[in-house]
Amino acid sequence: MKDVRLVIGNKNYSSWSLCPWLLLKMFDVDFEEIQIALYQDNTAEKLGPYSPSLKVPVLLHREVTVWDSLSICEYISEELLGGAGWPGNPKRKSNARSICAEMHSEFPHLKKDWPMNCKASYRLLPSDALVNEIARIDAIWSCTRRRFGETGNYLFGRFSIADCMFAPVAVCFDAYGAELSSDAYTYMQTLLDNPFVQKWITEGRREKEPLSIAYASNA
Ligand SMILES: N[C@@H](CCC(=O)N[C@@H](CS)C(=O)NCC(=O)O)C(=O)O
């Protein structure tokens, strides 16, 4: 058994699982992936031994259990990456933390109306409320890239937790045809071209499990 294990859901649907998975992959951490199909009759039974919240993702590191995507990313950065998951400079780091927290706690219409589905590829007209959320994300991406992105193609130049938290958004924006400014579009494309995001999408598209319980709004 490996020291680091990550419990994830279906790659096709589980947006929050993608965040820490991508961080581990990008920083070349050796880990075991434990996949549990969501919304099946036996899902709670299978998640029970791992997940206090009965949700994914969950990180198991020796005797430590961490759940909830953002707190898992924080833990990985602190315990496994010597802090390298965040930008080093305090101003950049606080900005990165703020946009991650905003992504994690806000955007209810995006999470409900445009759930991640790697197999989806059709235009889904956004409500006015969703248009406003897309505009806010566009502003976050464009401003962050302009202010802090000079040393590379990611939000803070080099790859960070901020890119992990927005990777599922890129998959949704691409799937449903979000209208973006050119700077935001370029950044979305950077995320979609990331080889590990590509791998996740490819594996998600191969999955066969249908959602047997009404699709939860925050999958
Ligand atoms: N705030 C949590 C949300 C986790 C979450 O909602 N996970 C979904 C899959 S992406 C899940 O496990 N759903 C199962 C359920 O709701 O029964 C996080 O960031 O990890």
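The values are calculated or read from the model by the stated rules, or taken from the named source; none is laboratory data. In this text, all values refer to a predicted model and were calculated from it rather than measured experimentally. Every residue, glycine among them, receives a Cβ derived from its backbone with ideal geometry; neighbour counts consider all protein chains shown.
Within the range 41-50, the residues that satisfy the criterion of being without any contact (Cβ under 8 Å) to a residue 60 or more places away in the chain, more than 8 Å from the ligand (Cβ to nearest atom) and either out of contact with any strand residue (DSSP E or B) (no Cβ under 7 Å at 6 or more places or on another chain) or under 23 Å from ILE161 (Cα atoms) (or both) are ASN42, GLU45, LYS46, GLY48, PRO49.
Taking the range 107-207 and the helices (runs of 4 or more DSSP H) fully enclosed by it, the elements with 2 or more residues that are modelled with pLDDT of 95 or more, over 13 Å from the mean Cα position of the chain (by Cα) and within 27 Å of GLY82 (Cβ to Cβ) are at 128-148, 182-193, 195-206.
Within the range 1-40, the set of residues being more than 12 Å from the ligand (Cβ to nearest atom) and out of contact with any strand residue (DSSP E or B) (no Cβ under 8 Å at 6 or more places or on another chain) comprises LEU22, LEU23, LYS25, MET26, PHE27, ASP28.
GLY152 satisfies every condition listed in (1) more than 16 Å from the ligand (Cβ to nearest atom); (2) in contact (Cβ under 8 Å) with a residue 24 or more places away in the chain; (3) closer than 26 Å to SER98 by Cα except (2). Please verify whether the range 81-96 includes one or more residues that are in the same structural domain as ASP163 (by TED's automatic domain parsing), surrounded by fewer than 17 Cβ atoms within 10 Å (Cβ to Cβ) and within 13 Å of the ligand (Cβ to nearest atom). Checking the range 81-96: not a single residue is in the same structural domain as ASP163 (by TED's automatic domain parsing), surrounded by fewer than 17 Cβ atoms within 10 Å (Cβ to Cβ) and within 13 Å of the ligand (Cβ to nearest atom).
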